[in-house]
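To start, the structure itself, in structure tokens.
The values are calculated or read from the model by the stated rules, or taken from the named source; none is laboratory data. Quick caveat: nothing in here was measured; it's all calculated off a predicted structure. Methodologically, a virtual Cβ is constructed for each residue, glycine included, from the backbone with ideal geometry; neighbour enumeration extends over all protein chains shown. To get the accessible areas, we keep the full protein, side chains included, count just its heavy atoms, and leave off ligands, DNA and RNA. Shrake-Rupley method; radii C 1.70, N 1.55, O 1.52, S 1.80 Å.
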Amino acid sequence: MSNIEVAVALPVFNTYTYGVPEHFYDQVSPGKRVFIPFGQRKVTGYILGQAQNTKPDSIKLIIDILDESPLFPPSMIPFFKWTADYYMHPLGEVIKSALPKGLNIYDTLCLSITKKGKQAIIKKSVTSIEKTVLNFLRHESCSQKKIKSKAGIPVTDSLINGMVKQGLLTKQRKVHSGKTNSKSERYVSFVDSETDYQHKNSSKKKLSGPRKKILDILKSKGDLSVNELKKNVPTAINLVRSMQKDDQVTIYKKKIYRDPFGELIIPDIPPQLTKEQGKVVAFIQNLLGKGYSTCLLKGVTGSGKTEVYMQLSELVIKKGRSVIVLVPEIALITQTEQRFRSRFGDTVALLHSGLSDGERYDQWTRILSGDALIAIGARSAIFAPFKDIGLIVVDEEHDDSYKQEHAFCYNARDLAVVRAKYLNGVALLGSATPSVQSYYNASTEKYFKTSLTRRIGESSLPDIEIIDLRKNRDTIGISRFISNELRSAIRKTLDRGEQVLLFLNQRGFATHPVCAACGEAMKCKNCSVTLTLHKKTNAFRCHYCGYTRPSVSHCAICGSSDIKLLGLGTEKVEEGIKALFPDARVSRMDHDTTRRKGSLLKILKGLKKQSIDILIGTQMIAKGHDFPKITLVGIICADLSLNFPDFRASEKTYQLISQVSGRAGRGDMPGKVILQTYNPDHFSIVAARNQNFNSFYDQEICFRKQLDYPPFTRIIRLQVSGMDRNKTCEHAIKVADICKQLKTDNQIFNSVIVLGPIESPVPKIANRYRWHLLLKSRKIKPLHGLIQNLFFENASGIRGKNIKVTSNIDPFSMI
């Protein structure tokens, strides 16, 4: 292969042709990384295959091939290309996002002080800002960006270029190696195990006790790592070196995998399937091996969907194919991983952002080598490098966590369907509360549909009681958000020795602190949002940009120290519950309490071992967890998601209520749900109380059709952001005008509806003002065509100083 097509790991949309020096010919294959010249830089690229129709004298040569074997199979390349085209994201960036982090080699422009520059400091012949830059570079060479952030001064290109011309600085490109690589350990092997080592050494000095012990251990246990030997012989690390010189042992390096798994799992025995489960397995089994298909599995909470997934996975593996199992959040992975490992052992791999870069790399290579046949993970696991996939399971397929809303805005659920299609596999979408989109696809026979209508065993769905919070409007203190009915139910549940789950999808202590003197809210200086008080860390915090202020801060307007802590978060609920039930063991599960590695697992173990009586949490507790002793679920306020400026607000509310309600009564004891709301008559809340998905769907689908929203149309969201409010507004109007002009000029785009621009619901985040507009059409092709024309043919028209225009295909968030 003399010329190759390469995708560059940079935000560029084209692929490029490179020549291959003759001595690399036998090493070239698709899926490997290459180190290449790109403009004035040297960067990492990915080999896609042989290049076509290129003149040999017009191309550059690769510098090096970075891998012994491909990092992804050739079968993934068409999938990567489709993904890049559909989401309009550079192909090299798509591949880079899929691979484990820290692999790529790259170079940066570094600045160094010259001898003349050092003399200029002494002679004081430079300006104050030049002196600051030179003093900074006296200690180390670094990038212009680092000087700007560390020194806190405006370091412009013109300043640096002027200093280079004066001979005060030099510019050099520095190559940085990837941070992630395979890990190896030193192992020790016994030499000549057939010979009695005491006899062999009879002519030499007698073996010492520690040496004899090492040899005995190696004879009985085989090769061991030096670290393992140290547990029995503390001086082993030095002894084995001497023993190798005496030809008693051999020391060698062995590649090892960093273990991301928790505790050891006891193998299980597959249970007898219920009649319903058996029918579902048989239905989907009939689809396996017959080409591509997508099937929606609608199963009530606790109906045994995971067992269905495992039974089908076993059938697929027996046919020599692989399986991907997607779960929406890392919080659910532990439970799913444990169940699959108990059934399938070491053939299971994990892929998610909670792993270290090294652990993720090791799991990736286990899949490539064929050691792992099942990959379990969050949305990024859709890129698991299997060559042949028979089944892709998307559990809780309705969950919006599958959609990435920044940079590379892909939806893992939709990509599961696409990847299954490319590999002639089956995509199985499972949920108790299917998304309107997926249920519509099943209703129109685009997808197959099957269902589980009953819970496993004798357990039934919980009773749901609605409490109208409007009656508590004049109540003060904790009783305003913990009604008498909920308080009484908690007491009775605790007295029976059972567990309680309290749900509020808002973290922190006070979500709306305001000044009692002037009424001004405590606002973020970078975003147009109110700060949230986090009492444990004694700080007001912005949940968008991370800005913090001490909890003793005064009002920024009038200087008053009298700040009223209004608004409700999980931290305030926790404090209130501990005051009401001092004898109960209370824990909280939200982003604040699960940041540290292992903290989430500790909470889940506490629930399982019943060392927690009451668990308070956000949506992390609403999905998929199975704890039989939880018999009461209290939904503190069901209305929070209803107030979002989003056409999916009702759908999200119904799903969240139904999912969290499903945590109650999954064992032998009946469950109960206390649902507190200010909107007891809203159709989504009534449908959730009645546990009637069809009733909700029938009303919601009518609204969507009348308003021409998905699934009847496709949407692209264009967001315009900038540092200046007025200029951002003007640019958003300009972008909208270009879109409307494109519609007028090209009949193909006539079906596209342009809505907006309007200011985003959160008008400013991280000091950038935000406007957006929506493009709608019944088909995706004219939308793609218009966007491509906008970004490529009219690129100069949408560019602006300090202005950024981004697109989001099939957006989930409208914030």
Task: Tail fraction, Cα-Cα pairs, segment 489-532, threshold 11 Å, whole percent - done: 74 percent
- [ ] Whole number please: convex hull volume per residue, Cα atoms of segment 60-144, in Å³.
- [x] 195 Å³
TODO: Tell me which residues come under 5 Å, amide H to amide H, from Ala427 once H is placed; ignore anything under 5 positions away on its chain.
DONE: Ser293, Thr294, Cys295, Ile392
Open item on the list: Run the numbers for Cys142 and Ile815: contour at 0.36 nm per residue of separation, minus the present Cα-Cα distance, in nm.
Closed with: 238.5 nm
Task: Separation of the Lys221 and Arg186 label points, Cα + 7 Å toward Cβ, nm - done: 1.7 nm
Open item on the list: Under a crude label model (7 Å from the Cα following the beta-carbon direction), how far is Leu565 from Arg585 in nanometres?
Closed with: 2.6 nm
Task: Evaluated over segment 605-721, the Cα radius of gyration and Dmax, each in Å - done: 16.8, 54
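Roughly what % of DSSP beta bridges within the chain run antiparallel, to the nearest 5?
Rounded to the nearest five, the antiparallel share is 60 percent.
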Task: Accessible-area value, Glu22, 1.4 Å probe, nucleic acids and ligands omitted, Å² - done: 150 Å²
Task: Pairwise label distance in nanometres, Asp737 with Asp388, each label 7 Å out on the Cα-Cβ vector - done: 5.9 nm
Task: Computed Kirkwood radius, in angstrom, where 1/r is averaged over Cα pairs of segment 422-470 - done: 14.3 Å
Task: Furthest towards positive pole of dipole, Ala664, Leu580, Leu604, structure part segment 579-692, Cβ charges - done: Leu604
- [ ] Name the long-range amide H neighbours of Asp67: under 5 Å, sequence gap of 5 or more, or other chain; modelled H, no Pro or chain starts.
- [x] Arg33
Open item on the list: Need the full-extension length gain, Ile237 to Asp681, defined as separation in residues times 0.36 nm minus the C-alpha distance. One decimal, nm.
Closed with: 152.6 nm
Task: In Å, descending, principal axis extents of the Cα set of segment 524-674 - done: 58, 40, 31
Task: Rounded Å value of the spacing that divides the Cα centres of segment 686-701 and segment 579-619 - done: 31 Å
- [ ] With unit charges on the beta carbon (Lys/Arg positive, Asp/Glu negative), name the residue among Ser69, Cys739, Phe696 whose Cα is farthest towards the positive pole of the charge dipole of the chain.
- [x] Ser69
- [ ] Report the accessible area of Leu297, computed with a 1.4 Å probe over the heavy atoms of all protein chains in place, in Å² rounded to the nearest 10.
- [x] 0 Å²
TODO: Take Asp708, Asp562 and sort them by solvent-accessible surface of the protein heavy atoms, 1.4 Å probe, largest at the top.
DONE: Asp562, Asp708
Task: Heavy-atom accessible area order for His784, His591, largest first, 1.4 Å probe - done: His591, His784
Open item on the list: Let me check the size of segment 671-732 from its C-alpha atoms; what are the radius of gyration and Dmax in Å?
Closed with: 19.1, 56
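Which number comes out as Rg/Rh for segment 382-461 once both Rg and the Kirkwood Rh are worked out on C-alpha atoms?
Rg/Rh: 1.02.
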Task: Cα-based Rg and Dmax for the chain, where Dmax is the largest Cα-Cα distance (Å) - done: 30.7, 99
Task: For segment 636-703, diffusion coefficient by Stokes-Einstein and Kirkwood Rh (Cα), 20 °C, 1.002 mPa s, µm²/s - done: 172 µm²/s
Task: Electrostatic dipole magnitude of the chain [Cβ: Lys, Arg +1; Asp, Glu -1; Cα centre; debye, to 20] - done: 2700 debye
Open item on the list: Rg/Rh for segment 747-815 to two decimals, with Rh computed the Kirkwood way over all alpha-carbon pairs.
Closed with: 0.98
- [ ] Just list whichever of Lys115/Lys183; Lys171/Lys804; Lys118/Lys804; Lys536/Lys629 have alpha carbons separated by over 32 Å in the model shown.
- [x] Lys115/Lys183; Lys118/Lys804
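Which entries of Lys32/Lys145; Lys319/Lys387; Lys96/Lys740; Lys101/Lys290; Lys145/Lys403 have Cα-Cα distances beyond 24 Å here?
Lys32/Lys145; Lys96/Lys740; Lys101/Lys290; Lys145/Lys403
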Task: Arg799/Asp745 FRET efficiency (R0 35 Å; Cβ-Cβ; nearest 0.05) - done: 0.95
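For Val12 and Gln172, compute 0.36 nm times the residue count separating them, minus their Cα-Cα distance, and round to one decimal in nm. Show your work: numbers first, answer last.
Details: separation 160, 0.36 × 160 = 57.60 nm, distance 2.34 nm.
So the chain would gain 55.3 nm between Val12 and Gln172.
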Task: Furthest towards positive pole of dipole, Val164, Leu351, Gln248, structure part the chain, Cβ charges - done: Val164
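Two-decimal Rg/Rh of segment 3-98 from alpha-carbon positions, Kirkwood Rh? Please list the in-between numbers first.
Working: Rg = 12.5 Å, Rh = 13.4 Å.
Using Cα coordinates only, the ratio equals 0.94.
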Task: Packing-based ranking, highest mean first, of 305-314, 145-154, 364-373 given that Cβ atoms within 10 Å are counted - done: 305-314, 364-373, 145-154
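Kindly state, as a whole number, the per residue volume in cubic angstrom of the convex hull around the alpha carbon atoms of segment 103-143.
It is 75 Å³ per residue.
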Task: Per-q log10 I(q)/I(0), segment 659-815, q = 0.11, 0.14, 0.21 Å⁻¹ (Debye; single scatterer per alpha-carbon; no solvent) - done: -0.60, -0.80, -1.25
- [ ] Can you figure out the FRET efficiency of Ser611 with Phe408, using R₀ = 51 Å and their beta-carbon distance, to the nearest 0.05?
- [x] 0.80
- [ ] Past 18 Å, Cα to Cα, is the threshold; run Lys230/Lys253; Lys421/Lys705; Lys623/Lys652; Lys275/Lys298; Lys81/Lys421 against it and keep the listed order.
- [x] Lys421/Lys705
TODO: Report Val20's accessible area, 1.4 Å probe, all protein chains in place, as a number in Å² to the nearest 10.
DONE: 10 Å²
TODO: Whenever you get a sec, compute what percent of the accessible area on the chain sits on carbon and sulfur atoms (1.4 Å probe).
DONE: 49 percent
Open item on the list: Give me the three principal axis extents of segment 579-655 from the C-alpha atoms, as integers in angstrom, largest value leading.
Closed with: 41, 31, 25
Task: Stokes-Einstein translational diffusion, segment 228-387 - Kirkwood Rh over all Cα pairs, 1.306 mPa s, 10 °C, in µm²/s - done: 86 µm²/s
- [ ] Just add up the charged neighbours of Ser460: K/R +1, D/E -1, any other residue whose Cβ is under 12 Å from the Cβ of Ser460.
- [x] +1
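May I ask you to work out the translational diffusion coefficient for segment 306-412 at 10 °C, viscosity 1.306 mPa s, via Stokes-Einstein with Rh from the Kirkwood sum over Cα pairs, reported in whole µm²/s?
D, rounded to a whole number, is 115 µm²/s.
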Task: Net dipole in debye of segment 499-641 [+1 Lys, Arg Cβ; -1 Asp, Glu Cβ; about Cα centre; nearest 20] - done: 660 debye
TODO: Report the charge-dipole magnitude of segment 722-773 in Debye, nearest 20, computed about the Cα centre from +1 at each Lys and Arg Cβ and -1 at each Asp and Glu Cβ.
DONE: 180 debye
Task: Segments 331-342, 132-143 sorted - mean Cβ within 10 Å per residue, highest first - done: 331-342, 132-143
Task: Whole-angstrom gap from segment 355-370 to segment 497-555, using each part's C-alpha centre - done: 39 Å
Open item on the list: Eigenvalues of the Cα gyration tensor times 5, then square-rooted: what semi-axes does that give for segment 267-344, in whole angstrom, largest first?
Closed with: 19, 16, 14
